[in-house]
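Novice: Pasting a structure here, questions to come.
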Amino acid sequence: MRPTTVFRALAAFLPLPVMALFLSCTGRMERPSVVLIIIDTLRADHLSCYGCGRSTSPVIDSLARAGVMMENVSSQASWTLPATASIMSGLTALSHGARMDVPTGNVFGMDPEMPVLPMVMKRNGYATAGFFNVYLLGADFGFHRGFDIFSCRENGDGLADSTVSAAIDWLTGLQDDRPFFLTLHFFDVHDPYDPPPPFDRYFTDDGAGGGVYWEFTPEGGVARPEQRIHLEAMYDGEIAYVDHHLGILFSSLREMEREREILVVLTADHGEEFLEHGFVGHGRTLYPEITCVPMILAGLERLDSIPSTALCGQYDILPTILDLCSIQAPQSLEGSSLLDLEPGGRRSVPASGINTGADFHQVSVRNGGRQLIWNADTDRMEMYLLDTDPLALAEVPPDSVLLDEALIYWSTPLRWDPVLLEDWRVTPVLRDLGYVK
Ligand SMILES: [Zn+2]
């Protein structure tokens, strides 16, 4: 089927903004423009297209129907800094080394010499812009590199409407015929769960009366587990709010009638816990509520050849975008282009990177639907079969092959030289964001 025919066939099922965006794709041969969307703290199973019982994401659902929705995705880390560094570098958390060392509280940003996606795009003729919304993804940590235009609302209070408006303003002002690479990072879904009206009442009728944060005991435990119902509803309201503004973004992309194809890649840095394993938030464990993140690609005919069931990771995003843009990838990446994956491949995808709690030396290895979590300090192993137990609630005997792979991964040497941040602002800002107690 010719691409135009594909998009017209999809049109009957798509909301107007998304439908219009993809009707603009006609298979032209120039390098596509690229929009990379990172929704902070978005676990996959709270999107309708990934099985959420609520209609949280009609626009994202349409994106998934128009393109390819990867069904088995593992984040490379449990929190923002290392996970987003993996998205931007194509490397595992151990290789790029952007992290927090829990015992000392030392925080390391990305090596300024490490190739990152916006740098590669810029060097290959792309106009680049990045709009981010948390200090951890600011210039101090190296996330500005390669962007012609870069902004970061460091205290995390930038809402989706302002992020989308800034992106549309930048797109509208583009003066030349270069393709563009645009990254939008949304922090709305991260706590506090306080979506603007009317989204605060989309999935609950108790409004702000139920609070927007968890309440904790003096010892750090969850004081009121019954808050889960309200807070999950508010979390889902945040998703619906971001989804609404993505519709505005996609509509504007169509109205601009760019003379190129537009590849859209949507993902998250990590998920969020709602007491599935006794914890809330993120950064403490590598269970599926943290590591199972969405990954959706749309806008190009070549996406049809990607096997949606293949296991993939965030570190595949860089090589995939470069492959689809016919750009040479940096050497020695650990991620792979999704176009090179096999539907039934026996690939394993690792994760690590904890920023809180005593058990911070954890490794996860996914292979197909199997997940092994190994604690390097205690040698404790947990094994789950996610195909039948998607929330990892029933342990099964550990797999020695996956354990070997976890041990091999844990011995991965640093490939780059991450930068220790000694800036006085680091600790206060991270404390305000809840990352440092
Ligand atoms: Zn995050």
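Rule-based calculations on the coordinates, nothing more; no lab input. Computed from a predicted structure; not experimentally measured. Neighbour counts run over all protein chains shown; Cβ positions are idealised from the backbone, glycine included.
Novice: Starting at 0 and stepping by 5 Å, how many percent of the alpha carbon pairs of the range 337-385 end up in each bin?
Specialist: Percent of Cα pairs in each bin: 5, 19, 23, 20, 14, 9, 7, 3.
Novice: GNM on the chain, C-alpha springs below 10 Å: top fluctuator among SER364, SER326, SER78?
Specialist: SER326
Novice: Separate question: Taking θ as phi - 60°, what are the ³J(HN,Hα) couplings along the range 307-318 by the Karplus curve (6.51, -1.76, 1.60), each to the nearest whole Hz, with x for Gly and Pro?
Specialist: Going residue by residue, I get x, 5, 8, 5, 5, 9, x, 4, 5, 7, 5, 4 Hz, with x marking Gly and Pro.
Novice: With θ set to phi - 60° and the Karplus curve 6.51 cos²θ - 1.76 cosθ + 1.60, what are the ³J(HN,Hα) couplings of the range 295-303 in order, to the nearest whole Hz, using x for Gly and Pro?
Specialist: So the Karplus estimates, Gly and Pro as x, are 8, 10, 10, 8, x, 10, 4, 5, 5 Hz.
Novice: In µm²/s, what is D for the range 186-298 at 10 °C and 1.306 mPa s, where D = kT/(6 pi eta Rh) by Stokes-Einstein and Rh is the Kirkwood radius from Cα pairs?
Specialist: It comes out at roughly 100 µm²/s.
Novice: Sorted from largest down, give the three principal axis spans of the alpha carbons of the range 335-437, whole angstrom values.
Specialist: Sorted largest first, the three principal extents are 48, 33, 24 Å.
Novice: Tell me which GluC sites (Glu not before Pro) from the range 246-324 have a DSSP coil assignment and no more than 14 other beta carbons within 10 Å of their own. Mind showing how you got there, number by number?
Specialist: On the way: sites: GLU255, GLU257, GLU259, GLU261, GLU272, GLU273, GLU276, GLU289, GLU301; in loops: GLU257, GLU259, GLU261, GLU272, GLU276.
Within the range 246-324, the qualifying GluC sites (Glu not before Pro) (loop, at most 14 other Cβ atoms within 10 Å) are GLU257, GLU259.
Novice: Still on this model: Say we join alpha carbon atoms closer than 10 Å with springs in a Gaussian network model of the chain; which of GLN331, GLN314, GLN362 then has the biggest fluctuation?
Specialist: GLN331
Novice: Now for a different question. Using Cβ contacts closer than 10 Å as the measure, can you line up ILE149, ILE408, ILE38 from fewest to most? List each step's numbers first, then the result.
Specialist: Numbers: ILE149 16, ILE408 13, ILE38 27.
Exposure proxy ranking, most exposed first: ILE408, ILE149, ILE38.
Novice: Using Cβ contacts closer than 10 Å as the measure, can you line up THR183, THR267, THR356, THR378 from fewest to most?
Specialist: Final ranking by Cβ density, sparse to dense: THR378, THR356, THR267, THR183.
Novice: Return LEU63, LEU420 ranked ascending by Cβ neighbour count within 10 Å, so the fewest neighbours appear first.
Specialist: Going from least to most buried by this count: LEU420, LEU63.
Novice: Follow-up. Using only alpha-carbon positions, what ratio does the radius of gyration of the range 3-345 give when scaled by 2.2 N^0.38 Å?
Specialist: 0.95
Novice: Let me ask something else about it. Pairs of Cα atoms under 8 Å, at least six residues apart: use those to get the relative contact order of the chain, whole percent.
Specialist: It rounds to 25 percent for the chain.
Novice: Amide H neighbours of THR128 under 5 Å, at least 5 residues apart or on other chains, H built in the peptide plane: list them.
Specialist: ASP148, ILE149, PHE181
Novice: Follow-up. Can you list the GluC sites (Glu not before Pro) in the range 59-157 that are in a DSSP coil and have 11 or fewer other beta carbons within 10 angstrom? The partial results should precede the final answer.
Specialist: On the way: sites: GLU71, GLU113, GLU154; in loops: GLU71, GLU113, GLU154.
Passing both the DSSP loop test and the Cβ count: GLU113.
Novice: Going by Cα centres, the range 267-301 and the range 117-142 are how many Å apart?
Specialist: Distance between centres, Cα-based: 23 Å.
Novice: Return the calculated 222 nm mean residue ellipticity for the chain, to the nearest 500 deg cm²/dmol, obtained by summing -39500 (n - 2.57) across DSSP H runs with n ≥ 4 and dividing by the residue count.
Specialist: After summing the helix terms and dividing by residue count, I get -8000 deg cm²/dmol.
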